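The values are calculated or read from the model by the stated rules, or taken from the named source; none is laboratory data. Since this is a predicted model, take the numbers as computed values, not measurements. Don't worry about glycine lacking a Cβ; one is built from the backbone with ideal geometry, like all the others, and counts go over all protein chains shown. All accessible areas refer to the heavy atoms of the entire protein, side chains included, with ligands and DNA or RNA removed. Shrake-Rupley method; radii C 1.70, N 1.55, O 1.52, S 1.80 Å.
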Amino acid sequence: MNTVNRATPPEINPLEPFVLPKPNRVTLANGIPVFYFENPNLDLIHILLQVRTGSLYQPKKHVCNFAYTLLKESSPTFSPEDLSEKMDYYGTNVTVNVGMNKVQILISVPKNNLRQILPDIAEFLISPNYRERSLEILQDKEVKNLAYNEQKTDYCAWRIMWREMLGQTFSAVSEFATTSSIRSVTTKDLQDFHRHSFNAENLTLFVTGNTDNDIRRQIEDTWKDVPHGIPASELPLIPVQNHHGGIFHQPMENCLQSSIVLCSLSMDFNDPERTAFSVLNTLTGGYFSSRLMQNLREKQGLTYGITSSSTFFGHQSVFAISSDVNGENTNRAVESCFEELQRLQNEPVSNEELDMVKNYMAGLQLRAVDTTVNAMQKFAYWHCFGLDETEMFRYLSEIKKVTPEEILSLAKKHFSYTKFTRIIVGNYS
């Protein structure tokens, strides 16, 4: 019997770039675009409603999250309990994800039950009736969550980061949540925000499953009467020059660890350098064998994990490195992070290490589109930035072309010590 030699990695086969199948597009009478991703073997219909709104569009803190979180409890016809029971009976699930510049509502319904339940779902999505009691319960929950989170170093570090990065440009997000800010939200706030944001101009539909003509007719008839409204405006740019080099420390009593966030404002998703920068980010802290993981975890034992990532919104993003460390190791951990960033600016990465990162990223992209549901959600993400199914081909092709010299140049451009705001929360002296 042959034994597997686990010290020898499996052979890596090169991945040829490919283009995903083009979805079929239909435009409803009110102008809403609908993208169909065919899968005749999937009798669970998935409908993704993407609303061009989000926390960065809200006039008052918490309003966007509360307005969309409470939709399922705001049917004008059914009580929350009765609607929940009916959705369970028809095997229906509705999940809501509120982001910074988009809200996604994913509806999954067995094909044979769509006619019985879709009108009830559309009713609370289009014409919600926000209830005082439902809002009070959510507020009570959020007040308790806030009290709990304020004891966590990572939560406090990230909220300082968003305060410093977003500043006055997006004060309804950047200001700290308080019990008072949570309690100040009214059902009128929710009604007004929903009416302003949920309209035909801000809505896009993505559908996958076994969608025959009858299913399509049901879907299109349901959403063709969504009212018109004012389209969401472009998000303003945050002045980059105001965010370089700040240092923020928040002590926390009886705490054995510190949370570290090193952050800077960064590029637009459609920036020509974005793909190459994503390779640099992965190399830096974007996967388990990254430079920061190898140094701070494997070599020095300072942390269980450290990551780097970019959060995109509007025509900008925030790049952040984050980790939790023992309080006594905080200075050493921060210095080690900047040492790795400096090394990337001074020493070209080897072709072997760069190829490993590229193969990892290519595999990650394949897993992101391995089902029609995943492919639909990936397409919806690209659509936010004006891109289509050809983005996969472009992305994989561009990854293959990234060179050590390009990585070096990007690191010098984006990883300068003075570009980063340093945030430390916890036991640190």
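Against the definition (in a helix (DSSP H, G or I) and open to solvent by less than 10 Å² (accessible area, probe 1.4 Å)), how does Leu262 come out, yes or no? Against the criterion (in a helix (DSSP H, G or I) and open to solvent by less than 10 Å² (accessible area, probe 1.4 Å)), Leu262 does not qualify. Scanning segment 380-418 for residues that are within 30 Å of Phe248 (Cβ to Cβ), open to solvent by 60 Å² or more (accessible area, probe 1.4 Å) and modelled with pLDDT under 95 yields a count of 2.
Among the residues of segment 59-91, the ones that are open to solvent by 20 Å² or more (accessible area, probe 1.4 Å) and within 26 Å of the chain's Cα centre (by Cα) come to 8 in all.
Pairing residues of segment 159-183 that are farther than 11 Å from Ser55 by Cβ and modelled with pLDDT of 95 or more with residues that are open to solvent by less than 30 Å² (accessible area, probe 1.4 Å) and among the aromatic types (Phe, Trp, Tyr), at Cβ distances under 9 Å and at least 6 apart in sequence or on separate chains, gives Ile182/Phe66. Residue count for segment 106-126 satisfying the condition of being in contact with a helix residue (DSSP H, G or I) (Cβ under 7 Å, 6 or more places away or on another chain) and over 15 Å from Val226 (Cα atoms): 6. Of the helices (runs of 4 or more DSSP H) lying entirely inside segment 126-221, the ones with 1 or more residues being of a type in the set (Phe, Trp, Tyr) and buried (at least 17 other Cβ atoms within 10 Å of the Cβ) are found at 153-166, 187-197.
I need the helices (runs of 4 or more DSSP H) fully contained in segment 307-406, keeping only those with at least 1 residues that are under 30 Å from Tyr428 (Cβ atoms) and among the hydroxyl-bearing types (Ser, Thr, Tyr). Correct list: 330-346.
Yes/no matrix, rows are residues, columns are (1) touching a Ser or Thr at 6+ places or on another chain (Cβ under 8 Å); (2) of a type in the set (Asp, Glu):
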| residue | (1), (2) |
| --- | --- |
| Tyr287 | no, no |
| Thr307 | yes, no |
| Ala320 | yes, no |
| Asp355 | no, yes |
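Checked against (1) open to solvent by less than 30 Å² (accessible area, probe 1.4 Å); (2) closer than 29 Å to Phe313 by Cβ; (3) touching a strand residue (DSSP E or B) at 6+ places or on another chain (Cβ under 7 Å), Leu114 passes all but condition (2).
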